[in-house]
Amino acid sequence: MKKVTFVLTLVLSTLFLNACHQEEQLQQEINEQPDAQHNLRMAVSQSDWTAGSISGIVPQDQLEDLGGGLSGNKIWKSNNPEIFRGTGWLMQNSRTDATRGGAAYPVSGTIPVYLFHINQSGSQKYLHVLVTNPNASSITISGKGSMYTNSEKPLQGTGTGQSFHVAKDWLNNTPRTSFSNVTLNSYKAYEVAKLPVPNGNMIDGRFEITASAGAYVYTVVTSNGSLTDAINKSQGGPATGDIYSPNPNAYGREAGVYANSGWEGSTDITLPASQSYIGFALNTSSKFAFNGVYLQDQNAPSVVRLSDSAEKTYGNYGHQYDITLAMHNPNSTAKQVTLYFASNYTNSVNSPSFTYNGPLKMNGVVKNIYTTPTAPRQWLATWNVPAGGNFNGNLDFYIPGLITTGQQLILQVN
């Protein structure tokens with residue numbers, strides 16, 4: 001049985017230096033549904049395929065659920081305000097703020113940290129990532145990750161830009177910075193990373209921080225780059241900026257700790273006897289629907305969040321997907337199978353200028369994905385599956401920032 005929907009996407013600006021995820025407004029009444037439960041594997045039979053070939057994307061009301069489920073450790077997110085216009089903290093999990101809410105929620109073990117922001121303050125600022133120890137005794141912290149601005153990694157098309165390079169570093173395990181077994185004394189702070197952010201620039205970062213006991217994480221904006229100033233501002237008020245809050249017509253932006261940082265699992269796929277195609281939901285949400293029909297919910301719920309921020313990880317920026325398309329050919333002849341990656345958002349002009357820009361590792365080979373509203377799908381591979389044989393297509397990738405939410409995988413059999 002197909003689970004289907006029309007999903008509204010987060011649309012990004014066409015201007016590179018002022019790019020900002022924009023949410024489409026609903027044109028009719030919106031319904032919500034509760035979270036769905038997913039098994040680690042699901043099976044697709046021959047009857048689930050659509051006869052013939054397809055030259056574009058699969059209509060969203062024909063998409064199948066992707067096998068697998070939410071996976072990975074909790075993830076700490078800083079994306080609201082996406083645009084900051086002053087100094088102060090952008091996200092913290094250490095206390096309830098009079099303006100933005102939230103709650104004290106110390107994190108321990110290994111937790112990914114993801115951030116995306118744009119400086120519209122009118123002058124250069126510095127963004128700091130801090131970890132503090134609220135315990136009465138010392139703790140040990142380790143970590144690694146990457147953070148870039150688009151001054152460092154200009155956004156000039158496929159395979160470029162700050163968000164692409166953060167995802168690439170994680171896919172290749174080549175972090176820009178790392179530290180290990182740092183002793184953090186009681187009530188002290190450690191600066192994980194700091195970068196100058198010119199006015200009009202975007203900054204994207206993803207780290208993993210391991211703490212031996214409960215710790216707090218902060219993203220802080222300063223004017224002078226001083227660690228002392230960053231620590232002081234972490235204990236003060238929030239930075240001014242553009243808050244995108246969730247409501248019945250909008251996803252909102254993420255600022256909080258969310259329950260999962262990835263999606264993992266397999267889809268068992270029986271190949272058809274004749275020319276056919278099939279599409280699978282990828283990085284989709286079930287918050288919005290037309291006519292009461294929904295796509296698969298692949299978003300993680302919040303554990304704790306600032307009260308003005310998204311309840312779920314809509315867009316899944318910084319999340320890792322590790323999925324397998326496990327194909328079986330029961331037919332008496334070999335089948336040629338072509339795999340495409342596609343984005344659900346399309347229109348007649350390239351606005352936004354792109355819908356996905358990130359690397360993907362397919363059976364160990366890295367492919368750069370770049371889709372636009374007028375060219376929404378990209379070929380990934382063509383395989384021959386022998387009669388009575390099996391073939392696994394494994395896809396491993398990190399969702400980059402600055403994309404539209406909602407993609408699909410398309411299989412075409414000839």
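Observations, loosely collected:
- Among residues of the range 55-81, those that are basic (Lys, Arg) and either part of a loop (DSSP other than H, G, I, E, B) or over 30 Å from Pro238 (Cβ atoms) (or both), counted: 1
- Leu15 being surrounded by 15 or more Cβ atoms within 10 Å (Cβ to Cβ) and either under 26 Å from Thr404 (Cα atoms) or at pLDDT below 95 (or both): no
- Taken over the range 176-219, the criterion of being surrounded by fewer than 21 Cβ atoms within 10 Å (Cβ to Cβ) and basic (Lys, Arg) is satisfied by Arg176, Lys188, Lys194.
- Within this structure, Ser261 fails the test of being within 28 Å of Leu360 (Cβ to Cβ), within 16 Å of the chain's Cα centre (by Cα) and modelled with pLDDT under 95.
- Residue within the range 362-369 that is over 16 Å from the mean Cα position of the chain (by Cα), touching a residue at least 60 places away in the same chain (Cβ under 8 Å) and over 26 Å from Pro154 (Cβ atoms) present: no
- Elements of type strands (runs of 3 or more DSSP E) contained in the range 130-244, each with 3 or more residues being farther than 27 Å from Lys312 by Cα and of a type outside the set (S, T, N, Q): 177-184, 189-197
- So Ala387, is it more than 18 Å from the chain's Cα centre (by Cα) and either of a type in the set (A, V, I, L, M, F, W, C) or modelled with pLDDT under 95 (or both): yes
- Residue that is nearest to Asn135 (Cα to Cα) [pool: residues in the range 62-98 that are over 23 Å from the mean Cα position of the chain (by Cα) and charged (D, E, K, R)]: Arg95
- Exactly one residue among Thr267, Thr240, Thr222 is farther than 25 Å from Leu70 by Cα and open to solvent by less than 10 Å² (accessible area, probe 1.4 Å), and that residue is Thr222.
- Residue satisfying condition, being hydroxyl-bearing (Ser, Thr, Tyr) and surrounded by 14 or more Cβ atoms within 10 Å (Cβ to Cβ), within set Thr382, Thr374, Thr405: Thr405
- Cβ pairs under 6 Å, 6+ apart, first in the range 146-159 and open to solvent by less than 60 Å² (accessible area, probe 1.4 Å), second of a type in the set (Lys, Arg) and assigned to a loop (DSSP other than H, G, I, E, B): Ser146/Arg176
- Verdict on Pro59 being at pLDDT 50 or above and open to solvent by 10 Å² or more (accessible area, probe 1.4 Å): yes
- Meets criteria (among the hydroxyl-bearing types (Ser, Thr, Tyr) and closer than 30 Å to His117 by Cβ) for Thr405: yes
- Test set (1) on the phi < 0 side of the Ramachandran plot; (2) open to solvent by 20 Å² or more (accessible area, probe 1.4 Å) - Gly122 fails condition number: (1)
- Looking only at the range 221-246, residues that are in contact with an Asp or Glu (Cβ under 9 Å, 6 or more places away or on another chain) and within 18 Å of Ala98 (Cβ to Cβ) come to 5 in all.
- In this structure, Gly358 does satisfy being of a type in the set (Gly, Ala, Ser) and within 15 Å of the chain's Cα centre (by Cα).
- Scanning the range 288-308 for any residue that is in a strand (DSSP E or B), among the aromatic types (Phe, Trp, Tyr), open to solvent by 10 Å² or more (accessible area, probe 1.4 Å) and over 18 Å from Thr50 (Cα atoms) turns up at least one such residue.
The values are calculated or read from the model by the stated rules, or taken from the named source; none is laboratory data. This is a predicted model, so every value here is computed, not measured. Cβ coordinates were reconstructed from backbone atoms using ideal geometry, including for glycine residues, and neighbour counts include every protein chain displayed. Just the protein is used for accessible areas: all its heavy atoms, side chains included, with ligands, DNA and RNA removed. Shrake-Rupley method; radii C 1.70, N 1.55, O 1.52, S 1.80 Å.
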